[in-house]
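Here's the structure we're looking at; comments come further down.
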Amino acid sequence: MSQYASLFSDSDGQKPEKAQDKAQPYTILIVDDEPNVANALKRVFRQENYRVLTSLNGQEALDLLAKETCQLMISDYMMPVMNGAELLRKVKKNYPEMIRIMLTGHADTDAVMSAIKDGAVYKFILKPWNDDDLRITVALALEQFDLLQSNKALQKQNMAREKEINALSKMTLTHRSQLAIMLHKRNLLNDQQVQELYKLQLIHKEPILNLILEKDWISEKKIREVLRKDFMVEEVMLDEAQIDPGVIALIPRSLCERYMVLPLKQANRRLTLVMADPMDEGMLDDLKFTTGLDIEPVMADIADIKAKIIEIHGEDSTSFDDFDALLDSSDPYEGIEVLIEDEDEMSLEELLHGTDEPPAIRLVNVVILEAVRLGASDIHIQPRTKSVVVRYRIDGVLVDKIHIPHNLHMALVSRIKVMSELDITERRRPQDGRITVKTPMRIIDLRLSTLPTINGEKIVMRILDRNASVAEIDDLGMCDMDLARIKNAISKPQGIILATGPTGSGKTTTLYSLLQNTATTEKNYVTIEDPVEYYLDMAAQVMVKERIGLDFSVVLRAILRQDPDVILLGEIRDHATAEVAFHAALTGHMVYSTLHTNSAVATIARLFDLGLKPYVLASALEAVIAQRLVRKICSHCKQDVSPDKELIHRLGPVFEKADMHYFKGSGCTKCNKTGYRGRVALYEVLVMSETMRHLISTDGSILEITELAAKEGTSTLVDDARVRVDAGLTTAEEILRVLGAQVIV
């Protein structure tokens, strides 16, 4: 049991095991210019074994810290003369080991962010606080404080022992190598040369082989030949050798570089060891003691061993590609809070260097932050044969952005699973979860899915920004005629309006724009989603949880008993949901929902397939909006281009008109050399006329419905795409990518 269990209860009466007991309690300093708030905070810890001090301003707190030793500070932000951010910066400078928490109700966001970036704030808590949460947070923070002290003590011990080991190794290194004597016996070295070698070795503590090669008295090739012929030492070629990671871990890189050795393979209790000097008995004894295995020496050239060490362990530098060097640090504050700093000007390398958090936490933060900065909608963490690649879906297209060594994959996956409260031991089955990443300025939800692959677990995260604003209906980009038709449809008191298209085509965004356009305080709004993508205070929003049986149809039936006026249904997936939704539309409710179909007319066929009766569909359906998202040409590098005749032919006769204009982005720094920046929507709007309702209710064919829609002025997705291309908003290549070929080649 943790030593901190007694801090929450006095029932056991046992003395804690460590030094922080009732005789030496933790000291907490509370700084707030309002005495009643400071006293309220003090009362939160009245049952804990803490010594609580209070100050009414920053200067008084600094004076108190000069006399008292405190482990943790809780400071208000809005204080006269010296605000909380300035105080915590000074405390960090003078007392860096103290854990610092900022508590405020209305803060200057810029100042708070600045304090966070400076490392002055490790936890940011808003008023009004929850007493239990505050107590637990402080207890965890103090536990981390103790861990920090223990880590420092262990680091000092390790440094002292490392110095001793280094000193001993220098004294014993290669002093028992028989190489010089063996070469002397074969008349390859004379007496004077051998004596000089041993004198140099006593002075420089260098391996005898290095000294021989530096003097250039005999070539390495000749030495290998003697060892191979006279001593039957096997020579290996390391270029194509594949070494098991478990074998590599037997000898640290530092020892491999010092002794010029490399573990090659292990069988039972015997380790095959590649050595530059297999005649060094002292080195063999040291490595036998280090590994606990019997050593079978083989040899290779020094250059080959060095190259193989670099191939396995990487370059000995702190380049951006060397994640081990960039991420190798320890953090005493893990578990208090993960902060993602939203700084547009910082590069990935600066982000990796700019924090003291441990490797897995830092790497996850960088992956999420880079996705937010690039405006990605999805994050793919995909293990491949040689590395793990982080891919971002930007403007609907996946782009490889970060390559991570395989040795960091497990830590990365485990960190993400811990954040999403998944089972970190389950690696054979897919898992789903959610993560809420909080920053001082925004809240981001991540919908997580794991999938076991032959190279390891793949993770995909869908990014949902709670702070994203709902677009106005006039800003969706519909043509004037379609916009007028949709506004007429949403002004009706009842019915159902569907947005259709593939995943990620902006259907939910469109529906929220329609809902918000007619929103008033006189109506009751309810949404059912999986997950909730936009947050509206005026609406009661329900998240579907299918694992407990809370699916769309169950929630929808429950909502109908909540006296709703407007219902936003995330998706119609089955007959049960479709039936309840359409009957709700027939009984006085306005229903918005989505469906996965290729076009507006195809939606009617899909609803028939779900089992809806023709007269129900004809009576309840008001409008169908089919849409796609295409990448928008970057405005900074847009230029006129000549059309590709074969490409235009594949897009159909609509694009072959003589008066068409074509544009393309040449690629610049603003669009990351892609030629595209942002996306624009293509729409196809089908509204229900009386003739259309009659045709649907009398089982009209899809061909008849399509012909009637065209006669009534419904423009297709291809028609809208032609308008976008001619206006210079997107390219013909992008239309082909999203809509596909419109003619048979």
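The values are calculated or read from the model by the stated rules, or taken from the named source; none is laboratory data. All of these numbers come straight from a predicted model, not from anything done at the bench. Here Cβ is always computed from backbone atoms with ideal geometry, including for glycine, and neighbour counts include all displayed protein chains. The protein model used for the area step is the full one, side chains on, heavy atoms only, and it has no ligands, DNA or RNA in it. Shrake-Rupley method; radii C 1.70, N 1.55, O 1.52, S 1.80 Å.
Rounded to the nearest 0.05, what FRET efficiency do A710 and E656 give with R0 = 22 Å and r taken as the Cβ-Cβ distance? Could you check?
Rounded to the nearest 0.05, the efficiency is 0.70.
Under 5 Å between amide H atoms, partner at least 5 residues away or on a different chain: which partners does C634 have, H built in plane at 1.01 Å?
Here the answer is G665, Y676, R677, since their amide H atoms fall under 5 Å of that of C634.
Sorted by average packing, counted as other Cβ atoms within 10 angstrom per residue and highest first, what order do 621-632, 41-52 take? If you can, show how the numbers build up before the last one.
On the way: 621-632: 23.9, 41-52: 16.9.
Put in order of decreasing packing, that is 621-632, 41-52.
On a 26 Å Cα-Cα criterion, which of the cross-link pairs K221/K308; K123/K417; K152/K265; K288/K386 come out too long?
K152/K265; K288/K386
Quick one: length gained pulling A411 to E426 fully straight, 0.36 nm per residue minus the C-alpha distance? Walk me through the intermediate numbers first.
Working: separation 15, 0.36 × 15 = 5.40 nm, distance 1.41 nm.
In short, 4.0 nm is gained.
Can you find, among M279, G292, I305, the residue sitting farthest towards the positive end of the charge dipole of the range 272-312, where Lys and Arg contribute +1 and Asp and Glu -1 at Cβ?
I305
Could you give the length gained by full extension between Q47 and T587, i.e. 0.36 nm per residue of separation minus their alpha carbon distance, to one decimal place?
Length difference between fully extended and current span is 188.6 nm.
Could you work out what % of the accessible surface of the range 365-431 is carbon and sulfur, using a 1.4 angstrom probe and leaving DNA, RNA and ligands out of the count?
Taking all protein chains in place, the range 365-431 shows 50 percent carbon and sulfur surface.
Where Lys and Arg each count +1 and Asp and Glu each count -1, what net charge lies around G700 among other residues with Cβ under 12 Å from its Cβ?
On the way: positive: R693; negative: D699, E704, E707.
Local net charge: -2.
Can you give the local net charge around R722? Use residues other than it whose beta-carbon is closer than 12 angstrom to its beta-carbon, Lys and Arg +1, Asp and Glu -1.
That sum, taken over residues with Cβ under 12 Å, equals -3.
What is the local net charge at L621, summed over the other residues whose Cβ is closer than 14 Å to its Cβ (Lys, Arg +1; Asp, Glu -1)?
+2
Among 549-560, 681-692, how do they line up from the highest to the lowest mean number of other beta-carbon atoms within 10 Å?
681-692, 549-560
Given a 1.4 Å probe and heavy atoms of the protein chains only, how would you sort M102, M78, largest accessible area at the top?
Largest accessible area first, the list is M78, M102.
Using a 1.4 Å probe, what is the accessible area per residue for the range 454-609, in Å²?
So the range 454-609 comes to 44 Å² accessible per residue, rounded to a whole number.
Which value in nm describes the separation of the simple spin-label points at S254 and H313, placed 7 Å from the Cα toward the beta carbon?
Going from the S254 label point to the H313 one covers 1.0 nm.
Given C-alpha coordinates of the range 187-321, what is the ratio Rg to Rh with the Kirkwood estimate of Rh?
0.98
If the reach is capped at under 22 angstrom between alpha carbons, list the lysines near K127, excluding any in the same chain fewer than eight residues apart.
Within the straight-line cut-off, K127 pairs with K42, K117, K438.
If you bin the C-alpha pair distances of the range 678-745 every 10 Å from 0, what whole percents do you get?
18, 39, 27, 15, 1
Given a 1.4 angstrom probe, I'd like the percentage of the accessible area of the range 496-588 that is carbon and sulfur, rounded to a whole number.
48 percent
Can you tell me which lysines have their Cα less than 29 Å from the Cα of K487? Leave out same-chain residues fewer than eight positions away.
K507, K523, K613, K632, K711
P(r) of the range 558-702 in 10 Å steps, Cα pairs, percent per bin?
Whole-percent P(r) values from 0 Å outward: 10, 28, 23, 18, 17, 4.
First measure r as the distance between the Cβ atoms of S666 and R384, then evaluate 1/(1 + (r/R0)^6) with R0 = 35 Å and state the FRET efficiency to the nearest 0.05.
0.65
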